[in-house]
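The values are calculated or read from the model by the stated rules, or taken from the named source; none is laboratory data. Not measured: the values here are computed from a predicted model. Please note: Cβ atoms are built from the backbone with ideal geometry, for glycine as well, and neighbour counts cover all protein chains shown. Calculation scope for accessible area: heavy atoms of the full protein, side chains included, ligands and nucleic acids excluded. Shrake-Rupley method; radii C 1.70, N 1.55, O 1.52, S 1.80 Å.
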Amino acid sequence: MNTVWRPQMHKLTFILLLLSSNLSYANQLIVEAFYDKNTRLINVHLAERVSLLTTYDLSAPDRFNEKLSKGLSSDPLIAQKQAKERILAQGNEIQSQLISAYEGSLKAMQYEITKLPAVVFNNGQQVIYGESDVNKAIKIYYGKVGK
């Protein structure tokens, strides 16, 4: 039996799959954990099993700047020219690195994070400070610690 290509049927199937995948995420807990070079997150893999987890290293901008400025001249005019050349040579890659490095800092400002580590739930609905165990922070969020 020959299969007939039916674009409408495939489009409908795709839309249904897309909708069902979005619905499965609609009820999932969104967790964003913030840390820096002086803090360390633990049990991240456990937290990923029960939530949509994103981690942000707030020391990433410093590392990005160190990497970008490594080996530049001590003369400001020459260093500026060298930096421009590096940026042009790396093109879109450096733009992507820049966005990635500063994304956490922007989110932290949005949520008005005051100390680290910080675990944010559902786009700022609640913040738990001082808990580096992300899985434990989720339990605290759900009120399950010590019960």
message = Using a 1.4 angstrom probe on the protein heavy atoms only, could you order T54, T39, T114 from most to least accessible area?
response = T114, T54, T39
ask   = Counting other Cβ atoms within 10 Å, which trypsin sites (Lys or Arg not before Pro) in the stretch 71-125 have at most 13 and lie in a DSSP loop?
value = K115
ask   = Taking a probe of 1.4 Å, how large is the accessible area per residue of the stretch 20-147, in Å²?
value = 66 Å²
